[in-house]
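Reading through the structure tokens given below for one structure.
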Amino acid sequence: MKKPFVTLSQLEAITAQYPTPFHLYDEKGIRENARRLKAAFAWNPGYKEFFAVKATPTPAILKMLHEEGCGVDCSSLTELMMSDRCGFRGEEIMFSSNDTPAQEFALAAKLGATINLDDITHIDFLKNTIGYIPKKISCRYNPGGTFTLGESEEGFQVMDNPGEAKYGMTRPQIAEAFRRLKELGAEELGIHAFLASNTLSNDYYPALAKILFQLAAELKEETGCHITFINLSGGVGVPYRPEQEANDIAVIGKGVRRAYEEILVPAGMGDVAICTELGRFMLAPYGCLVTRATHEKHIYKEYIGVDACAANLMRPAMYGAYHHITVMGKEDAPCDHKYDVTGCLCENNDKFAIDRMLPKIDMGDLLVIHDTGAHGFSMGYNYNGRLRSAEVLLREDGSTQLIRRAETPEDYFATLVW
Ligand SMILES: *Cc1c(COP(=O)(O)O)cnc(C)c1O
């Protein structure tokens, strides 16, 4: 059973101050989770999490993670600018972009970020843009094919398709890239790969680590490069559905350690730092979208209209993603009504839930849409002239803080030429 991190009475007080809809974040949950991650990798002296800014590009959240020892992973100009303004410096910034505009490489280099090259042609592109190759640099690897884990009768526990992904370099390319980077003055090389998204398995990171550690040992032999960091990137998932089990980050950390001791240490590479670029795992469960039921409609199906829409949370409309819904105050009521829960966009995919069994919903009820802390607000858009909502932080002491105001029509009109 999924439980919101706020109670109805807390939410009634919060909604008296901030009108729905808004995204609400749980400071306590975010900090505790960041500490669990750090503890899980404490065996690796150089370990650092670089939070994937795209998941939740909100300064108050970034600063909180900075206080917990995290860096940031950026992939655009504005993410770099925001990270700089939030106080992240130099090697606290990872720049893992693709199809990268020149000015973004220029800013990343100026900030002293660690640049992660997505393609072999980016070596010359970067050199022509900034005039040199940074001493510390990494390359993104794509092994191609399919990536699977844990075959059982129900299928694979994890299955993804690197061969269809636009990211990274092939095996021959990464060796050539390392040789060339070394020639051009690089002294500390890193390897990055992202092979599967939202994995619910304690085996994903260890399996990825094995692949990258093996590759690192081979590349060291083949190219003579000094490989100093390996970036496991993102992809550790969260249980969006109530019947799913959460990953155990301590077990994941142990699994990566085992691979490290089996492969890297015997290869004389026991000084390699592990990096992660988690987004979803860091934030998703610690944010929710708070919305109110405003309309009910009885036609061929039963519809509940709420005051949020896909502009506030796009994942259900875009991927058919499941987000759990709690009708506040009715947590123990029987789920004996079948509803489609919809937003107001003139798009039939604007549904937060389809055929969902829920308690009877009355107009004015507060609904919590779970697990929107990552890739929630940030994917928002302005279709239908809909405005992005506010973001509110629930502090550890129970108080609240507005960390992003809601857009106004003036914001929407600001770029127009009349
Ligand atoms: C999106 C992304 C991440 C974060 O992915 P999650 O699934 O949120 O963990 C990390 N690294 C890169 C390069 C990404 O594009």
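The values are calculated or read from the model by the stated rules, or taken from the named source; none is laboratory data. Every value quoted in this text rests on a predicted model; they were computed, and no experiment measured them. As a convention, Cβ positions derive from the backbone with ideal geometry for all residues, glycine included, and neighbour counts pool all protein chains shown. Keep in mind that these areas ignore ligands, DNA and RNA; they rest on the heavy atoms of the full protein, side chains included. Shrake-Rupley method; radii C 1.70, N 1.55, O 1.52, S 1.80 Å.
Going by what's in this entry, would MET318 be described as within 16 Å of the ligand (Cβ to nearest atom), surrounded by fewer than 20 Cβ atoms within 10 Å (Cβ to Cβ) and either among the hydrophobic types (A, V, I, L, M, F, W, C) or more than 30 Å from ARG31 (Cβ to Cβ) (or both)? Considered against the rule, which asks whether it is within 16 Å of the ligand (Cβ to nearest atom), surrounded by fewer than 20 Cβ atoms within 10 Å (Cβ to Cβ) and either among the hydrophobic types (A, V, I, L, M, F, W, C) or more than 30 Å from ARG31 (Cβ to Cβ) (or both), MET318 comes out as yes.
Residues that are in contact with a Pro (Cβ under 9 Å, 6 or more places away or on another chain) and among the aromatic types (Phe, Trp, Tyr) were ranked within region 321-360; the one that is surrounded by the most Cβ atoms within 10 Å (Cβ to Cβ) is PHE352. Among the residues of region 369-387, those identified as crowded, with 19+ Cβ neighbours inside 10 Å, under 27 Å from PHE413 (Cβ atoms) and either more than 12 Å from the chain's Cα centre (by Cα) or aromatic (Phe, Trp, Tyr) (or both) are PHE377, GLY380, ARG386. With the condition kept exactly as written, say whether any residue in region 150-167 is open to solvent by 40 Å² or more (accessible area, probe 1.4 Å), among the charged types (D, E, K, R), out of contact with any Ser or Thr (no Cβ under 6 Å at 6 or more places or on another chain) and closer than 21 Å to GLU188 by Cβ. No.
Within region 400-412, the set of residues being surrounded by 10 or more Cβ atoms within 10 Å (Cβ to Cβ) and not in a strand (DSSP E or B) comprises ARG405, ALA406, GLU407, THR408, ASP411, TYR412.
Identification of helices (runs of 4 or more DSSP H) wholly contained in region 69-136 with 2 or more residues that are within 16 Å of the ligand (Cβ to nearest atom) and either open to solvent by 30 Å² or more (accessible area, probe 1.4 Å) or over 28 Å from THR170 (Cβ atoms) (or both) yields 77-85. Taking first residues from region 106-117 that are more than 13 Å from LYS136 (Cα to Cα) and partners that are assigned to a strand (DSSP E or B), the Cβ contacts under 6 Å between residues at least 6 apart in sequence or on separate chains come to LEU111/ILE93.
Considering the conditions (1) part of a loop (DSSP other than H, G, I, E, B); (2) surrounded by fewer than 19 Cβ atoms within 10 Å (Cβ to Cβ), VAL6 is excluded by exactly one of them, (2). Per the listing THR58, THR20, the residue uniquely within 21 Å of ALA308 (Cβ to Cβ) and either within 16 Å of the ligand (Cβ to nearest atom) or open to solvent by 50 Å² or more (accessible area, probe 1.4 Å) (or both) is THR58.
Here's the yes/no breakdown for (1) modelled with pLDDT under 95; (2) more than 16 Å from the ligand (Cβ to nearest atom); (3) within 25 Å of the chain's Cα centre (by Cα); (4) not in a helix (DSSP H, G or I):
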position	(1), (2), (3), (4)
GLN157	yes, yes, yes, yes
TYR167	no, no, yes, yes
ARG180	no, yes, no, no
CYS225	no, yes, no, yes
VAL238	no, no, yes, yes
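Pairs meeting the criteria (first residue in region 326-347 and without any contact (Cβ under 8 Å) to a residue 60 or more places away in the chain and within 19 Å of THR291 (Cα to Cα), second residue surrounded by 17 or more Cβ atoms within 10 Å (Cβ to Cβ) and among the aromatic types (Phe, Trp, Tyr), beta carbons under 8 Å, at least 6 apart or on different chains) are VAL341/PHE352; THR342/PHE352; GLY343/PHE352.
Considering region 273-312, the qualifying strands (runs of 3 or more DSSP E), each wholly inside and each with 1 or more residues that are within 16 Å of the ligand (Cβ to nearest atom) and more than 17 Å from GLU347 (Cα to Cα), run over 273-276, 287-298. Which one of these is of a type in the set (Val, Ile, Thr) and within 16 Å of ALA186 (Cα to Cα): ILE130, ILE93? So the residue among ILE130, ILE93 that is of a type in the set (Val, Ile, Thr) and within 16 Å of ALA186 (Cα to Cα) is ILE130.
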